Amino acid sequence: MIALEKRAQPSRVWAWATPLLAVILTLVAGGLMFAVLGKDPVAALRTIFYDPLFDAQFASYSRPQLLVKAAPLILIATGLALGFRAGIWNIGAEGQYIIGALCGAGAGLALYPSDSPLIFPMMVLAGALGGWLWAMIPAILKTRFHTNEILVSLLLVYVAENLLASMAVGTLRNPDGGGFPGSRNLSQWPAAANPELIPGTGAHWGVVAAIIAVIFAYILLQKHLLGFHIRLAGQSPRAARFAGVVPERLVIFCLGLSGALAGLAGIFEATGPAGQISIDFNVGYGFTAIIVAFLGRLHPIGIVLAGLLMALTYIGGELASFMLGIPIAAIQAFQGMLLFFLLAVDVLTNYRIRLGRREVRA
Amino acid sequence: MDLSAISPELMVASLMVASTPLLLAALGELVVEKAGVLNLGVEGMMITGAICGFAIAVESGSPVLGFGAAALGGAALSMVFGALVLGLLSNQVATGLALTLFGLGLSSLVGQSYVGIKPPSTPRLDLGPLSDLPFFGRAFFSHDWMVYASLALTVAVWWVLNRTRTGLTLRAIGENHDAAHALGLKVLGYRLAAIAFGGAMAGLGGAYLSLVRVPQWTEGMTAGAGWIALAIVVFASWRAGRILIGAYLFGGLTVLQLNLQAAGVALPVEYLSMSPYLVTILVLVVMSRRKGRSTAAPASLGKPFHAQA
């Protein structure tokens with residue numbers, strides 16, 4: 001008989017070891033999945049995790065992509081993790097990401113073709129504001145009417161996607177684009193472009209923002225009273241109320257911050273790597289960031305590592321699809337599996353496993 | 001705009017078809033939540049059911065086998081959730097999300113070779129003279145058997161939950177799992193069974209989408225139906241009868257919206273397409289506002305259960 005015994009304190013060793021264990025288990029299970037798909041598992045895993053970084057032929061293209069793809073993931077996940085710690089579940093980051101990009105791009109395009117140096121900063125602000133506003137909908141509904149923020153934020157993703165479709169073929173459509181859907185190319189308009197700052201690294205302004213967000217979140221969580229309140233509210237809502245935490249304020253803060261960060265990620269993507277607002281410029285970073293947040297154990301430093309790893313699965317997945325014909329969907333399933341294993345092995349952090357017969361106590 | 005093009009009997013008929021997947025998934029989730037477990041993976045189980053049902057129906061040529069496979073697929077995926085949440089005491093919200101993310105990936109992986117194929121058609125149930133009635137025959141009595149099965153399942157779920165010992169036990173576990181455990185009730189066993197039932201129902205709902213409603217396989221075809229089903233459970237205040245009302249209300253909304261699109265209303269298509277989600281949010285607000293803090297939700301909903309030896 002196997003029994004679980006609750007630890008008095010979560011194990012620090014396991015807290016660090018479980019993400020690694022989950023990654024290893026996912027690699028094994030993923031290898032099995034590739035084998036079932038009729039691909040050589042070793043070659044597949046090598047193509048996904050090794051070649052993008054070290055292969056002579058691909059690394060020069062892939063390495064910069066790592067930061068390009070990790071930046072939005074880290075930016076969004078940092079915000080989400082704060083909320084998750086407090087038990088506030090914003091799972092609509094994808095919607096906030098879209099609305100941020102729409103607001104930012106709209107603000108910029110309203111002034112096209114100005115070449116003022118203020119255009120880009122203004123677009124970034126508008127992007128953050130857009131994401132913040134979109135996240136305020138579930139936040140205010142939660143604080144005023146006790147509406148479940150999980151369902152509202154998620155349903156708003158579908159609303160945002162429809163808005164995006166409407167904007168891409170309507171209001172924001174490129175007037176010189178010959179009727180094709182999609183906005184003007186923002187990355188080719190110098191005043192609005194979000195270029196590579198250091199050649200060959202892939203680092204654009206989104207990377208800078210992600211670094212700032214991580215440092216900010218780290219200080220907030222470790223050194224600031226608000227960070228303590230966030231952790232307390234998640235661990236014991238009752239104790240938090242005695243400590244003077246106002247739950248409503250936490251909801252507004254956590255949802256607002258994660259929305260603003262997701263909006264930032266959106267506008268950096270639209271002005272940089274994506275280059276324009278198109279119907280499908282969003283590639284699901286808002287959802288993958290949920291996995292990143294958990295894989296990073298809701299800790300800012302962990303999120304950086306997790307974000308880089310998930311970015312690698314995106315890049316390696318594209319490479320594997322190109323080289324080995326492994327469908328992109330397999331990578332999605334792979335990412336989902338990672339979250340499963342992570343949640344499964346997390347039991348080791350909080351519980352001890354006891355083998356042997358359960359004793360009957362009088 | 002030409003509203004006269006909308007035929008009332010066809011609208012009622014398509015309303016029933018549009019509501020059935022929501023009804024099935026929401027009934028399943030109702031039972032799960034009544035047992036005190038919050039499974040946010042409905043969307044993932046639905047889409048898995050959609051592709052399992054589609055694939056098996058295409059391969060075997062039998063929609064009945066397809067629906068069976070969908071129920072099995074949904075239940076199998078829900079068992080992953082059950083093992084994690086009940087066995088390894090993982091966070092229910094996070095695990096449910098993982099189920100959705102994994103289900104979406106897995107389904108598009110399996111579904112790659114099924115894009116653009118037509119599934120075998122699910123036969124209409126012949127109700128004899130009833131189907132020949134004017135208006136009513138076309139609107140209510142000329143559907144496929146799954147529509148009637150979903151209605152029968154609504155009655156069955158209501159009856160089991162409210163009129164049987166099993167239902168009483170299930171509700172007791174959902175209200176207070178520690179007290180139920182102290183009484184010697186098998187908390188984990190009941191919960192696991194409820195989760196499996198929820199998975200099977202979500203799978204059936206998904207298969208109804210891919211085999212009857214659309215009928216085709218496309219990636220991400222559930223498009224939030226699983227989340228709407230979760231909202232319907234809240235809307236229904238955790239009562240089986242109101243689940244039926246909720247599902248038909250939302251189904252009706254979808255049909256109305258599609259009919260307005262077809263009739264060429266002056267609103268852009270995208271704004272009509274987002275209306276079901278907006279109305280769902282609105283309904284959630286109204287429901288949670290009216291009850292304030294004392295909700296009809298099972299008291300142990302979403303809380304982990306660890307039996308102390």
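Annotations
- Scanning the stretch B:224-240 for residues that are under 17 Å from B:GLY96 (Cα atoms) and outside any helix (DSSP H, G or I) gives a single hit, B:GLY224.
- Hey, B:GLY184 among the small types (Gly, Ala, Ser), at pLDDT below 90 and outside any helix (DSSP H, G or I) or not: yes
- Being in a loop (DSSP other than H, G, I, E, B), farther than 30 Å from A:ALA165 by Cα and without any contact (Cβ under 8 Å) to a residue 24 or more places away in the chain holds for only one residue in A:ILE212, A:ILE198, A:ILE219, and it is A:ILE198.
- Restricting B:LEU22, B:LEU3 to those that are in contact with a helix residue (DSSP H, G or I) (Cβ under 7 Å, 6 or more places away or on another chain) and either modelled with pLDDT of 85 or more or within 14 Å of chain A (Cβ to nearest Cβ) (or both) reduces the list to B:LEU22.
- Qualifying residue in the stretch A:135-146 (condition: assigned to a loop (DSSP other than H, G, I, E, B), of a type outside the set (Phe, Trp, Tyr) and farther than 10 Å from A:ILE99 by Cβ): yes
- The test for being within 14 Å of another protein chain (Cβ to nearest Cβ) and either surrounded by fewer than 14 Cβ atoms within 10 Å (Cβ to Cβ) or among the β-branched types (Val, Ile, Thr) (or both) holds for B:VAL80.
- All positions within the stretch B:51-77 that are away from chain A (no Cβ under 14 Å), of a type in the set (A, V, I, L, M) and in contact (Cβ under 8 Å) with a residue 12 or more places away in the chain: B:ALA55, B:ILE56, B:ALA57, B:VAL58, B:ALA69, B:ALA70, B:ALA71, B:LEU72, B:ALA75
- Selection status of A:SER278, part of a loop (DSSP other than H, G, I, E, B) and of a type outside the set (A, V, I, L, M, F, W, C): yes
- Residue among A:ALA93, A:ALA107 that alone is more than 14 Å from chain B (Cβ to nearest Cβ), within 30 Å of A:SER187 (Cα to Cα) and crowded, with 16+ Cβ neighbours inside 10 Å: A:ALA107
- Only a single item in (1) over 15 Å from A:GLY79 (Cβ atoms); (2) not in a helix (DSSP H, G or I) is not met by A:LEU298, and it is number (1).
- Any hit, the stretch A:35-52, residues being surrounded by fewer than 17 Cβ atoms within 10 Å (Cβ to Cβ) and touching a helix residue (DSSP H, G or I) at 6+ places or on another chain (Cβ under 6 Å): yes
- Odd one out for A:TYR158, checked against (1) facing chain B (nearest Cβ under 8 Å); (2) more than 18 Å from the chain's Cα centre (by Cα): (2)
The values are calculated or read from the model by the stated rules, or taken from the named source; none is laboratory data. These numbers come from a predicted model, not from an experiment. Note: ideal-geometry Cβ built from the backbone for every residue, glycine included; neighbour counts use all protein chains shown.
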